[in-house]
1. Just check the stretch 23-78 against the gyration tensor rule for me: Cα atoms, a ≥ b ≥ c as the square roots of the eigenvalues, rounded for a/c under 1.5, and otherwise prolate or oblate depending on whether a/b exceeds b/c.
2. Please list Ile163, Ile13, Ile65 in order of solvent-accessible area, largest first, computed with a 1.4 Å probe with all protein chains present.
3. What's the FRET efficiency of Val9 with Asn135 using the Cβ-Cβ distance as r and R₀ = 25 Å, to the nearest 0.05?
Amino acid sequence: MVEVAVFVVAALIILVGAVGVVVRNHPVHSALSLVMTLFGVAVLFLALDAQFLAAVQVIVYAGAIVVLFLFVIMLLGVDKVESLRADRLGGQRPMAAVVGIASVGLLLAAILTGGERRVTGARTVTDPAAGGEENIKALARSVFSDYVFAFEATSVLLVVAVIATVMLARKPPKQHKDSS
């Protein structure tokens, strides 16, 4: 009974936060709603007995990624109200509508076809070749040895994405006319 209550409360927190991300006009408020959503997901990870994933969820996503979002929001000054009539990228809104409708269709298809699969609960995953080591040690060894290139490539992609966002959102400098 307690598990159901924790799930329902966490699910409500996630839903309210997700709706807040989409509905809020102010980007800082949207980012704070995202934090609420990410904390709700961390609670669900704890309910599934996945403490490491919950810690990563809070530290990496709710901490670092949202702080990065807020940094970019403040750097670009997009927290000010802008006119929605000035569409700088023509065709962006219709394409977003198509992608949104396709995403909803995929979600509905997954829900309708996935009814016979059931999750029975969290299971501890250990690598048999590692001699029964703990999950965190096995994951750390895997990330920092086998997948270190992919891990570093992802960090470079995140830095490039932030730089590209800053460059695309920059407003051109105003041209000053000489009075002579």
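The values are calculated or read from the model by the stated rules, or taken from the named source; none is laboratory data. All values derive from a computational prediction rather than experimental measurement. Cβ placement follows ideal geometry from the backbone for every residue including glycine, while neighbour counts extend to all protein chains displayed. Heavy atoms of the whole protein, side chains included, go into the accessibility calculation; ligands, DNA and RNA do not. Shrake-Rupley method; radii C 1.70, N 1.55, O 1.52, S 1.80 Å.
1. It comes out oblate by the Cα gyration axes.
2. Largest accessible area first, the residues go Ile163, Ile13, Ile65.
3. Given R0 = 25 Å and the Cβ-Cβ separation, E is 0.40.
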